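Below is one structure, written out as structure tokens, with a few remarks after it.
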Amino acid sequence: MKSRSIIAVQEWPHESRTAAQLVIKQFGEPNEVSATELTWHGAAPWKRVVATEWYENHNFPVPHVDCIECVIDYAVSPEKLSELALFDGSIRVDRTAGEVSVRCRSIASDTLKFNLVHDIVTGKRTAQDARDYHVKEVLDATRGEPTPYRDKLRIPPQVNTKDPGEQVLNEEELRTIADSDVALIAPLALARQAAPRHP
């Protein structure tokens, strides 16, 4: 009998179906299955892995599709955001949640990009240095040469990465808003009680 995940991806486009099947092979059955997404929670070393039916065409460093997203807890200072964007367009930084995610065509490709993200954030490489090294490892993979950045996540685990920002209104100003605009303040109160979006 076919698993729920295999049944779910049968109707996906070839590109995303093939990529998802490789993740199923590596991590087993996902924790969540829908018609358009498979999600694994705590699939070490990742906080979350998501395979999606939809994909984006991506030409760097070679034409491929982005449909496998890996997520880790990782803090990025605002000063490094533009450099990460220069390095690769498939990197997403959620400072509030304290997460970074990368979307590419495979777990190995995501691993390579994450290791280069870490190099940029820690000042080991510039965005251009990271792009050059990315190309080198992709070529090395085709030549059967060592690819240390594709093979293993080299980022030490981080804790307390969330950045909720700073409240800019004092309590008196918040009460004034509450008195004059209940529709605005009610969501604020609910947000303070809300459960985390992801485990």
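The values are calculated or read from the model by the stated rules, or taken from the named source; none is laboratory data. All values reported here derive from a predicted model rather than from experimental measurement. Glycine gets a Cβ as well: all are built from the backbone with ideal geometry, and neighbour counts include every protein chain shown.
Quick notes
- Among the residues of the stretch 133-152, those that are part of a loop (DSSP other than H, G, I, E, B) and within 15 Å of S106 (Cα to Cα) comprise T147, K152.
- Helices (runs of 4 or more DSSP H) (entirely within the stretch 1-95) containing at least 2 residues that are at pLDDT 95 or above: 14-27, 81-87
- Listed by first and then second residue, the pairs linking a residue in the stretch 27-44 that is in the same structural domain as D73 (by TED's automatic domain parsing) to a residue that is in a loop (DSSP other than H, G, I, E, B) and loosely packed, with under 12 Cβ neighbours inside 10 Å, with Cβ atoms under 6 Å apart and 6 or more places separating them unless they lie on different chains, are H41/P199.
- Filtered residues of the stretch 62-95 (kept if under 15 Å from the mean Cα position of the chain (by Cα) and of a type in the set (D, E, K, R)): D66, E69, D73, D88, R92, D94, R95
- With respect to the stated conditions, R95 is more than 27 Å from G28 (Cα to Cα) and touching a Pro at 6+ places or on another chain (Cβ under 8 Å).
- When residues of the stretch 29-43 are limited to those that are surrounded by fewer than 19 Cβ atoms within 10 Å (Cβ to Cβ) and over 14 Å from the mean Cα position of the chain (by Cα), the one farthest from A8 (Cα to Cα): N31
- Filter pass, D140 being assigned by TED's automatic domain parsing to the domain that holds E15, among the acidic types (D, E), surrounded by 15 or more Cβ atoms within 10 Å (Cβ to Cβ) and more than 17 Å from N59 (Cα to Cα): yes
- Of the listed requirements (1) modelled with pLDDT of 95 or more; (2) in contact with a helix residue (DSSP H, G or I) (Cβ under 7 Å, 6 or more places away or on another chain); (3) surrounded by 15 or more Cβ atoms within 10 Å (Cβ to Cβ), I185 misses just one: (1).
- Scope the stretch 100-132; condition among the charged types (D, E, K, R) and either in a loop (DSSP other than H, G, I, E, B) or at pLDDT below 95 (or both); matching residues: R105, K124, R125
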